[in-house]
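> Next up is a structure, given as structure tokens.
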Amino acid sequence: MKMMTCKEASHLISAGRECPLSRRERWGLRLHLWLCDNCRRFERQVRFLGLAMRMLARRTETDASGPELPPEARERIRQALYSGDGADR
Amino acid sequence: MTQVEADKDSPEYWLDDHGGALYRYALARLRDAHRAEEAVQETLLAALQSRDRFSAHSGLRTWLIGILKHKILDQFRRDAREIPLDDPDPGPDDEDAVVASSFRADGHWSSRLADWGDPEASLENGQFWVVLQRCLDLLPKRMARLFVLRELQEEATEQICQEMAITPTNLWTMLYRARMGLRQCLDRNWVGEARG
């Protein structure tokens, strides 16, 4: 089997975050990673980016002093919710 | 109206008690104030229509967030399918600049990747989050949104995966570019800085 390039390996590392790789892709990638320090770093970085995204979202959603629903939007939603066929239907 | 609905959970308080939390949850994922407002409105309307299905022991907030999650998932699907003019879909072969500059013609990395050391330590540093936001803002909007949503989808991975396989857009290419772009941006603006 021909050794995959770093570019191909980086595509598989990324795609593998979304969907399971085929057995052939998995083995090819494993072999490449075993020999390639740079791609091992890339894989760690990609994993770290995922962690950072999850933490970023958690920071935003739990930050009580964070962004507030703008007053105009709040009013618009109130209208949509509670006027006409509102809560006491 | 059923008796399971305690007074404090009465729909007239939903917007005041939970609007802010729903908004922040949506904003963290959709990265767009207008879309987040719409998601909150859709969520509360849907909740109002199906409020008979709410059972108090699950907690109102949890129930509302559950509905919001579905709305966000719908948004992800729409995003993945539609190709807006201002953020064209990449063809699999047309290289973007970051990818092109990252590799040599023979497919090797063009330079050694920087060692990010203990990246978890970055997570403790407030400045890191500022840089990360800025790096996300540098990506095309739809690409950033799809990437964030994709990384945050804990559930239904298999389902999403099957859907992705039949989306007409190059979702994988976009997510790949998002990762390559963010990686390079952090390399330049965070890891480099942190090292002096």
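The values are calculated or read from the model by the stated rules, or taken from the named source; none is laboratory data. Being a predicted model, the structure only gives us computed values, none of them experimental. Cβ: placed from backbone, ideal geometry, glycine included. Neighbour counts: every protein chain shown. These accessible areas exclude ligands, DNA and RNA; they are computed on the full protein's heavy atoms, side chains included. Shrake-Rupley method; radii C 1.70, N 1.55, O 1.52, S 1.80 Å.
> Which of (1) at pLDDT 90 or above; (2) under 24 Å from A:MET53 (Cα atoms) does B:TRP109 not meet, given it meets every other one?
Against the list (1) at pLDDT 90 or above; (2) under 24 Å from A:MET53 (Cα atoms), B:TRP109 comes up short only on (2).
> So, A:GLU61, is that one in a helix (DSSP H, G or I) and modelled with pLDDT of 95 or more or not? Spell out the reasoning first.
Working: in a helix (DSSP H, G or I): yes; modelled with pLDDT of 95 or more: no.
So A:GLU61 fails the test.
> Turning to a different aspect of this structure: Right, A:ALA73: in contact with a Phe, Trp or Tyr (Cβ under 9 Å, 6 or more places away or on another chain), open to solvent by less than 100 Å² (accessible area, probe 1.4 Å) and aliphatic (A, V, I, L, M) or not?
yes
> Moving on to the next point. So is A:PHE42 surrounded by 13 or more Cβ atoms within 10 Å (Cβ to Cβ) and out of contact with any Ser or Thr (no Cβ under 7 Å at 6 or more places or on another chain) or not?
No; evaluated as a whole, the condition is false for this residue.
> Moving to a separate point now. Conditions: (1) open to solvent by 40 Å² or more (accessible area, probe 1.4 Å); (2) aliphatic (A, V, I, L, M); (3) within 25 Å of B:HIS18 (Cβ to Cβ); (4) at pLDDT 90 or above. B:ALA56 meets all but one. Number of the miss?
Among (1) open to solvent by 40 Å² or more (accessible area, probe 1.4 Å); (2) aliphatic (A, V, I, L, M); (3) within 25 Å of B:HIS18 (Cβ to Cβ); (4) at pLDDT 90 or above, B:ALA56 violates only (4).
> Out of A:ALA80, A:ALA73, A:ALA52, A:ALA9, which single residue is assigned to a helix (DSSP H, G or I), within 25 Å of the chain's Cα centre (by Cα) and within 7 Å of chain B (Cβ to nearest Cβ)?
A:ALA52
> Of (1) facing chain B (nearest Cβ under 7 Å); (2) under 27 Å from B:VAL40 (Cα atoms); (3) open to solvent by 70 Å² or more (accessible area, probe 1.4 Å); (4) part of a helix (DSSP H, G or I), A:GLU68 satisfies all except one. Which?
For A:GLU68, the failing item is (4).
> What do you reckon, is B:GLU37 open to solvent by 50 Å² or more (accessible area, probe 1.4 Å) and either part of a helix (DSSP H, G or I) or within 10 Å of chain A (Cβ to nearest Cβ) (or both)?
no
> On to the next question. Are any residues in the stretch B:121-146 closer than 24 Å to B:LEU171 by Cβ, assigned to a helix (DSSP H, G or I) and not charged (D, E, K, R), and if so, which ones? Walk me through how you get there before you give the answer.
Residues of the stretch B:121-146 that are closer than 24 Å to B:LEU171 by Cβ, as a first pass: B:132-133, B:135-146.
Among the residues that remain, those that are also assigned to a helix (DSSP H, G or I) are: B:132-133, B:135-138, B:141-146.
Of everything in the stretch B:121-146, those that are closer than 24 Å to B:LEU171 by Cβ, assigned to a helix (DSSP H, G or I) and not charged (D, E, K, R) turn out to be B:LEU132, B:GLN133, B:CYS135, B:LEU136, B:LEU138, B:MET143, B:ALA144, B:LEU146.
> Restricting attention to the stretch A:1-39, and to residues there that are of a type in the set (S, T, N, Q) and touching a Phe, Trp or Tyr at 6+ places or on another chain (Cβ under 7 Å), which single residue is surrounded by the fewest Cβ atoms within 10 Å (Cβ to Cβ)?
The residue in question is A:ASN38.
> How many residues are among the aliphatic types (A, V, I, L, M) and surrounded by 17 or more Cβ atoms within 10 Å (Cβ to Cβ) if we restrict to the stretch A:47-65?
Number of matching residues: 5.
> Right, next: Which pairs do you get when a residue that is facing chain A (nearest Cβ under 10 Å) and free of Cβ contacts under 8 Å to residues at least 40 places away in the same chain, found in the stretch B:121-142, comes within reach of a residue that is part of a helix (DSSP H, G or I) and open to solvent by 60 Å² or more (accessible area, probe 1.4 Å), reach meaning Cβ atoms under 8 angstrom, with the pair 6+ apart or on two chains?
Qualifying pairs under 8 Å: B:TRP129/A:ARG59.
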